[in-house]
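Bear in mind these aren't lab numbers, they're just calculated from the coordinates by the rules spelled out. Values in this document were obtained by computation on a predicted structure and should not be read as measured data. Cβ sites come from the backbone with ideal geometry, for glycine too, and all protein chains shown count toward neighbours.
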Amino acid sequence: MEKKIVVIGGGPAGYTAALEASRLGGSVTLIEKDKLGGVCTNRGCIPTKTLISLANTFNTVRKASKYGISTGNVELNVEKLFKRKDLVVNRLVRSIEHLLKKNNVNIIKGEARIESQSKVKVNGEEIEADSIIIATGSSPTIIKIPGIEQVRTLTGDEFLESNEMPDNVLIIGGGFIGIELAHILNSLNRNVTIVELMPRILPNLDEEVSLFLQGLLKRRGIKILTGTVVEKFSVEGDKSIAHLSNGEKINFDLVLMCVGRRPNSRNLGLERLRVSLGRKGEILTDEYMETNVKGIYAAGDVAGKYYLAYTAMEEGRVAARNSLGHKVKINYDAIPIAVFSDPEIGSVGITESEAKEKYDVVVGKAQFIANSRALSLDKYEGFIKMIVDKKSRKILGAHIVGPEASELIHTIAIVMRKNGTIEDLAGAMFIHPSLSESIKDVALSIINSM
């Protein structure tokens, strides 16, 4: 007899869980109250990366004369930029829907509420379930700053759906989302100010990497104020003004609130079943993605672990397998992360300062300016850094700021995930010329200094 699986939420965790459960023989119903694809596809990863790609293209065309290519007057059509973004998003949403239907997943549009361990209610109808997978995602956090109701304020999610491109933008928060939006706006000739509470942008990343990018962004005209908060907003005539803790006043057209996310765990009926929640409202799970209530699983942002689409997908797969009687543990070893700035950042493992607190380490670095492929691309700002434990010779962390960092980091992450050593990278053959050659250069420099 087929097991009935109900998945609540159609984002990366939800649609991946639904597909996995169906492929394993489950009878699957997926409930989504908004658009399939979730935040990532509609208001996050995909629209952001599409706009970043367009912004990078605009930058390349503007400096084409440097390479002997005459382009004439380069004009920016914001409306067409957003149309391209919407085209990409809509195509992916349709692809997800097609894939779900092809795999016999029953899709219901509506808001779900869990009535019991075996019943979910949607649109007035009760659906039977042997297992329930909650994948309701997260929402942007809003800071209540005095006067904020008087000024134009959007979250990152809202901005990517608004198709607005004002001249002067104040971004609150210098994390991943804030930096990527700042790069887009700055590249498209907008005035950008970032206000960040911590001493540097991207405070959770390796300090050398984040400070390198911070310096580059400043040189490109982005105003970055660290160790600073917005104390209040005011309106004087037609001007919106932010009053900062350092005494400065900033005029702006739009505030972008980019200060993190919170799990969507409310109004699901979890309190009725006494499902355990963390202090931020995240649904607590074990290594099998199961909650404290048997047969109820959670995956993705609502489980509050990484807030990344690809970890959400893997959590969805694990939850689906276990909901059908398998016994699979989630593995969070060597998760790579990226910031799609220009240059990009790719990172995996622990930072240099974290490593030096616990291990006797060797740190190696290679500059992209010494890489022939980077020079031929005219993209040579940045470096690759690796931290290795002297005793075990294992790679503890790797941090890249430079061209295609989001792709390069996977090579190191795979070696780390397989418990490889620095010799595994040093002994590999890399194509010449290639950006990835610099990975081998770092590995060899580390071995030579051990």
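If you restrict to DSSP beta bridges whose two residues both lie in the chain, what percentage is antiparallel, to the nearest 5?
60
Given a Förster radius of 25 Å and the C-beta distance between MET450 and GLU357 as r, what FRET efficiency does 1/(1 + (r/R0)^6) yield to the nearest 0.05?
My answer for the efficiency is 0.80.
How do THR285, THR141, THR421 line up, fewest other C-beta atoms within 10 Å first?
Placing the least packed residue first, the sequence is THR141, THR421, THR285.
Enumerate the calculated ³J(HN,Hα) couplings along segment 25-35 in order (Karplus 6.51 cos²θ - 1.76 cosθ + 1.60, θ = phi - 60°), each rounded to whole Hz, writing x wherever the residue is Gly or Pro.
Values per residue, Gly and Pro as x: x, x, 9, 10, 10, 10, 10, 9, 8, 10, 10 Hz.
Only counting other Cβ atoms within 10 Å, I'd like MET429, MET289, MET313 sorted with the fewest neighbours first.
MET429, MET313, MET289
Using θ = phi - 60° and the Karplus curve 6.51 cos²θ - 1.76 cosθ + 1.60, what whole-Hz ³J(HN,Hα) does each residue of segment 422-432 get, with Gly and Pro shown as x?
These are the phi-based 3J(HN,Hα) values: 5, 5, 5, 7, 5, x, 6, 9, 10, 4, 10 Hz.
Taking LYS418 as the anchor, which lysines have their alpha carbon closer than 20 Å to its alpha carbon, excluding any fewer than eight residues away along the same chain?
LYS329, LYS385, LYS390, LYS391, LYS394, LYS440
Using only the Cα atoms of segment 191-271, build the gyration tensor, take square roots of its eigenvalues as a ≥ b ≥ c, and label the shape rounded, prolate or oblate: rounded if a/c is under 1.5, else prolate if a/b is larger than b/c, else oblate.
oblate
Enumerate the calculated ³J(HN,Hα) couplings along segment 40-52 in order (Karplus 6.51 cos²θ - 1.76 cosθ + 1.60, θ = phi - 60°), each rounded to whole Hz, writing x wherever the residue is Gly or Pro.
In residue order, the calculated couplings are 3, 6, 9, 9, x, 3, 6, x, 5, 5, 5, 5, 5 Hz.
Count the lysine pairs in segment 164-293 whose Cα atoms sit under 25 Å apart, keeping only pairs 8 or more residues apart in sequence or on different chains.
Value for segment 164-293: 8.
What three numbers, in Å, describe the spread of the alpha carbons of segment 337-449 along their principal axes, ordered from the longest?
38, 27, 23
Kindly put ILE439, ILE412 in sequence by how many other C-beta atoms sit within 10 Å of each C-beta, fewest to most.
In increasing order of surrounding Cβ atoms, one gets ILE439, ILE412.
Charges only on Cβ, +1 for Lys and Arg, -1 for Asp and Glu: so what's the dipole of segment 148-259 about the Cα centre, in debye to the nearest 20?
Dipole of segment 148-259, to the nearest 20 debye: 420 debye.
Given H placed 1.01 Å from N in the peptide plane, which residues other than close sequence neighbours of VAL293 have an amide H under 5 Å from its amide H?
Here the answer is SER276, since their amide H atoms fall under 5 Å of that of VAL293.
Decide, for the chain, between rounded, prolate and oblate: order the square roots of the alpha carbon gyration tensor eigenvalues as a ≥ b ≥ c, take rounded if a/c falls under 1.5, and otherwise choose prolate if a/b is larger than b/c, else oblate.
Oblate is the answer for the chain, as a/c is 1.5 or above yet b/c matches or exceeds a/b.
Is there a pair in LYS49/LYS80; LYS33/LYS327; LYS63/LYS85 whose C-alpha atoms are over 27 Å apart, and which pairs would that be?
LYS33/LYS327
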